[in-house]
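One structure below.
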Amino acid sequence: MAGTPWLIDTNLLIRWVQPADPGFHLVRTSTNRLKTLGGVCCYTSQNLGEFWNTLTRPADRNGYGLTSQEADRHAKAIEKQFDLLLDDPAVHLIWRRLLVDHQVSGVQVHDARLVASMLVHGVQRILTFNTRDFVRYPGIEAVHPKDLS
């Protein structure tokens, strides 16, 4: 992978494919800027699972209400534009250690898994709207999209 890898959080991936979303332009501008600066946009299978969940969940349950076929089309766009960080047993082992070492609970277990993948793949930065969710992890820099646009 040439360039500096950045994990793109699910909350950006969702907006990256939805032009009607108020955050679409900020997300597109920030990921384009990242690439201009020599960054490589990455995702994990977990990101794509969370992405699929949100896209296909009914709108009245905080989703987009898309069909599986529509979600698949959007997922293919992400797979084409971003680099996949593969899962392996090391991701699981580091994730488990992070859960205990940082006393992670509830929905934050998903962020810990992203961090585990980042650590395994040598990714130090994540582009996210939820920068506070990653403060507990030393060596991980969470950057808000507005800071790149």
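We did not get these values from a lab; they are worked out from the coordinates using the rules stated. Small disclaimer: the values here were computed from a predicted structure and weren't measured. Cβ: placed from backbone, ideal geometry, glycine included. Neighbour counts: every protein chain shown.
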Simple SL model, points at 7 angstrom along Cα→Cβ for Asp21 and Gln81; separation in nm is 1.0 nm
Within region 85-117, the residues whose backbone N lies under 15 Å from a label point placed 7 Å from the Cα of Arg136 along the Cα-to-Cβ direction are 95-116
Here, Val107 and Ala2, labelled 7 Å along Cα→Cβ, have an inter-label distance in nm of 3.9 nm
Exposure proxy check on Val27, Val17: fewest-to-most Cβ neighbours within 10 Å is Val17, Val27
A correct fewest-to-most ranking of Thr36, Thr54 by other Cβ atoms within 10 Å would be Thr36, Thr54
Residues whose modelled amide H sits under 5 Å from the amide H of Arg125, counting only those 5 or more places away in sequence or on another chain, are Leu7, Glu141
